[in-house]
Structure formats: C-alpha cells, structure tokens
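One structure is given here, and the rest of the page talks about it.
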Amino acid sequence: MRQSLSFFSSPVFFFLVILFLAKVDADIVNETCQKVSQGDKELQYDLCVAALRQDPKSHSADLLGLSIISINLIKQNATKIGSRIEELLKSDPDVKGCLKFCKNMYSMAEHDINHALESFKSKDYETANRAVGAALSDATTCEEGFKESGIKSLLLAEYNSYSQFGLIALDITCLLIVCY
C-alpha cells in the first residue's frame, strides 16, 4: 500500500497528469477547428489551429473562450489593416478614394467587432454572430469598391487573412448557437 501512495506523490505521476491535461486542453482547439472546417469549406483547418494556438489562453479555453479569442484575432487584424490603409494613403494618391472608402468600412468592422465582444459578455450569442457577420461584410464591401472602380486591390492579401480570421470567429460563434 505504501508503494502505491508513493507513486502518486512521485514526479513521474505529476508529469503524466500534466501531459494528460495538456493533451485534453489542446484537443478543444483541434476538435473545434475540425468541426468548423468541415462545416465551412472556405475555412482552412491548419490556419484555424495555428491562429487559435497563438493565444496562450486557448490551451485552457472552452468553446466560449475560443469564440472570444477568435473575435479578438479579427479585431487585431482589422486594426492592422487600418494602419496599412493609413500608410497607403500617404504613398499612393491614385487610389485615395478607394482607400478612404476602405478605411471607413474597416472602421465600421471594428465597431461591429466591439459589438460582438459586448454581446458575448452578455451571453447574447446570436447578436454576436450577426455582428461578426457584419464585420466580414464590411471588409467584403471594401474589396467590392476596388472592383467597381476598376482598380486592383492594394489590400487583397490583408483581406484574405481577415476573411479567414472572420470565418473562424463566425463559425465558432455558430457552434454556440448550433448553426450546424
């Protein structure tokens, strides 16, 4: 009996427990990304996993936590795009009209994302989902502005990343309200 008690207090036992807990925590990211990428063919599974794992909180998060992490990812991305637009406005006067329009659209997207975060805090997941969808739509409207003007988008790479992060947020939020 004494030997079995000593095993539970041994470093090997604690290592095994930590290893088990780390595997359980990592599985929610894999499982969530697997589920949402199967439900949304545009969403890239590997990008989903990599994006969520960037945040150290993802290892101990539940589905709600992953939703908030994903919305923060899209918010950070929208802020970066806003900064990129400011740089482009200084250096490329030929597309000033499109860039100003996009600056406005990404500003609206940031507002929508903040609304989504507020909705999560009040556990209004459907409103949060609609707000994330609106933030995606804002960015798409920016890209459509370039197309309608006959100008090649200077933000296409940024939009593609933003769109993927937005799909992650939208699809994970959908899991909370059972869209699939």
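Compare the peptides 33-40, 171-178 by average per-residue count of other Cβ atoms within 10 angstrom and give them in order, highest first. Display every interim value, and only then the final one.
Details: 33-40: 18.0, 171-178: 19.8.
Final packing ranking: 171-178, 33-40.
Once both labels are modelled 7 Å past Cα along the beta-carbon direction, what's the residue 64-residue 124 spacing in nm?
Result for the modelled spin labels: 1.6 nm.
For residue 86 and residue 53, what is the calculated FRET efficiency with R₀ set at 30 Å and r taken between the beta-carbons, to the nearest 0.05?
Working: r = 30 Å, r/R0 = 0.99.
Computed FRET efficiency for residue 86 and residue 53 comes out at 0.50.
Among the listed pairs 41/152; 57/123; 75/152; 75/100; 57/103; 41/121, which are separated by more than 21 Å between their Cα atoms? Walk me through the numbers before you get to the answer.
Values: 41/152 26 Å; 57/123 19 Å; 75/152 25 Å; 75/100 19 Å; 57/103 31 Å; 41/121 29 Å.
Exceeds cut-off: 41/152; 75/152; 57/103; 41/121.
Values quoted throughout were computed directly from the atomic coordinates according to the rules given, and no laboratory measurement underlies them. What you see is a predicted model, and the numbers here were worked out from it, not measured in a lab. Every residue, glycine as well, gets a Cβ built from its backbone with ideal geometry; the counts of neighbours run over all protein chains shown.
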